[in-house]
Amino acid sequence: MNENIPLTEKFHYTKRFLEVALEKAYDGIYSRDTGLPIYIDPNSQDSNNSIKKIELSESHFQKILSQENGIFLTPTKQEEFFRPNTVIKNIEEFETLLKKYVNYLNTSNKNFYKIDKKHNFSSYMYYLVKTLTNSDNQDLSQYIQTFIGFLHDNNFENLKKEGKIGSINLDNENSNYFDVLARRAEEYYGSETPYTMRYALDKKGFKYTMPFVRYGISGNQAYIYSIQRKGKTNFKHKRIKELNGKFNSVNSGVKHDRDITPSMLVSATIFLGMLKGIGIENIKIADFLTRRFGHYEGFPSYEESLKLQENITNKFLKTFNRLASQFDGIDIISYPNDYDSYLNLKLGKNISSKNKLLNDFFELGFNYGKNQIDIER
């Protein structure tokens, strides 16, 4: 590389990332060698200035790149009470990873990842810090490697359109079979994950929409960020009430964590079965997402916003705690903050549950996933 090229050109992607990050999410850049500031956003104290343009100079970049142990970005004053510093340990490695990330965006045939007028370069740079957990913040390069894996993942691509993945009998009556439908939906720009797995039960035209799973797959690990249901559902409808009654059987004999939503437990069970079927055994369940606070505006206080986030996160994690407790062969390896910000699950051999409904749903997902692997071979 020509040493006469300005550093701001050699590290073009890092420079642009830092500028975007400072414009949208951070107040300053600090040295990991000394803990002293390298750059402080001049507008960081002006809470009324919602639009700002940052351009790092050559001299700023020389200071940034001279740090042997990298840098960390400090959150804005409004967010510092719930958000940690974001660490970039090796800037040369960081530049290489950003190049890979941008090259994929420029060459992707997936609409969600194309850089265009609607989804521009700056937005995708900011997207990298949108879904960080607390431990992801401690090594942004590692997180980008994971995210690049998300972008390359093509598992379940055959479910671009909704398709039947099996049938399920919800009770002992032979007439109560439902087709289980699934679709891997490409998420809209700005979502927490590139894909959701959407499920529905169908019986002779009566279609019941299940909660969907937000996820990403990187290498041999799957990351699950949330289980959600959107849209209005008439839970007073006779057939929907009947279905919910069937789902309640997952609580049979269980005395702990009963405040989970049974249909969400079922969606999680199907999805874990599908992952096991394609050979993925390491599952990371995301804890607190630091940028998710932006979705809960209008609350009178930080405390109320935090309480809502905690309730959502706790219920999400309880769903997988319940699932692991009801299955032999699904083990919790670690809890959030044991060594990272994830609930880590391991899918072992001979997975089974004494709860017939859960066992049947897991087997349905597993058989579908295994069938896809067999077809590819």
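Here, each number is a calculation from the coordinates, and none is a lab measurement. Predicted model only: the values in this text are computed from it and were never measured. Positions of Cβ are generated from backbone atoms using ideal geometry, with glycine treated the same way; all protein chains shown enter the neighbour counts.
May I ask you to compute the full-extension gain from Lys346 to Ser167, defined as 0.36 nm times their residue separation minus their alpha-carbon distance, rounded to one decimal in nm? Walk me through the intermediate numbers first.
Working: separation 179, 0.36 × 179 = 64.44 nm, distance 2.64 nm.
Answer, rounded to one decimal: 61.8 nm.
Order of 131-140, 331-340, 204-213 by packing, highest average Cβ count within 10 Å first?
Values: 131-140: 20.1, 331-340: 14.1, 204-213: 16.2.
So the order, starting with the most tightly packed, is 131-140, 204-213, 331-340.
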*GNM on the chain, C-alpha springs below 10 Å: top fluctuator among Leu289, Leu201, Leu243?*
Leu243
*How large is the convex hull of the Cα atoms of region 157-376 per residue, expressed in Å³ as a whole number?*
150 Å³
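What helices does the chain have that are whole DSSP H segments, at least 20 Å long along their own axis by Cα, and with mean Kyte-Doolittle hydropathy of -1.0 or more? Intermediate results must be reported in sequence, preceding the final value.
Numbers: long enough: 91-107 (24 Å, -0.38); 262-277 (23 Å, 1.24); 302-326 (36 Å, -0.86); 356-376 (30 Å, -0.43).
Span-like helices in the chain: 91-107, 262-277, 302-326, 356-376.
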*Compute the length gained on full extension between Asn314 and Tyr126: take 0.36 nm times their separation in residues and subtract their Cα-Cα distance, giving the result in nm to one decimal.*
65.0 nm
_Give the lysines whose C-alpha is closer than 16 Å to that of Lys230, dropping any in the same chain fewer than 8 places away, or say none._
Lys207
*With point charges of +1 on the Cβ of Lys and Arg and -1 on the Cβ of Asp and Glu, referenced to the Cα centre of the chain, which listed residue (Gly348, Ala268, Val102) lies farthest in the positive direction of the dipole?*
Ala268
*Most positive-pole-ward Cα, Gln228, Gly35, Tyr126, against dipole of the chain from beta carbon charges*: Gln228
*Rounded to the nearest 0.05, what FRET efficiency do Thr261 and Lys160 have when you use their Cβ-Cβ distance and R0 = 30 Å?*
0.65
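Which entries of Lys161/Lys307; Lys110/Lys161; Lys15/Lys130; Lys77/Lys99 show an alpha-carbon separation above 26 angstrom in the structure shown?
Lys161/Lys307; Lys77/Lys99
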*What nm distance separates the two modelled labels at Asn109 and Ser252, each placed 7 Å from Cα along Cα→Cβ?*
4.7 nm
_Debye log10 I(q)/I(0) for region 318-377, one point scatterer per Cα, at q = 0.17, 0.20, 0.25, 0.28 Å⁻¹_ = -0.67, -0.82, -1.01, -1.12
*How big is D, in µm² s⁻¹, for the chain by Stokes-Einstein at 4 °C and 1.567 mPa s if Rh is the Kirkwood radius over C-alpha pairs?*
57 µm²/s
*Would you mind giving the average projected area, over all directions, of the Cα convex hull of region 7-152 in nm² with one decimal?*
8.8 nm²
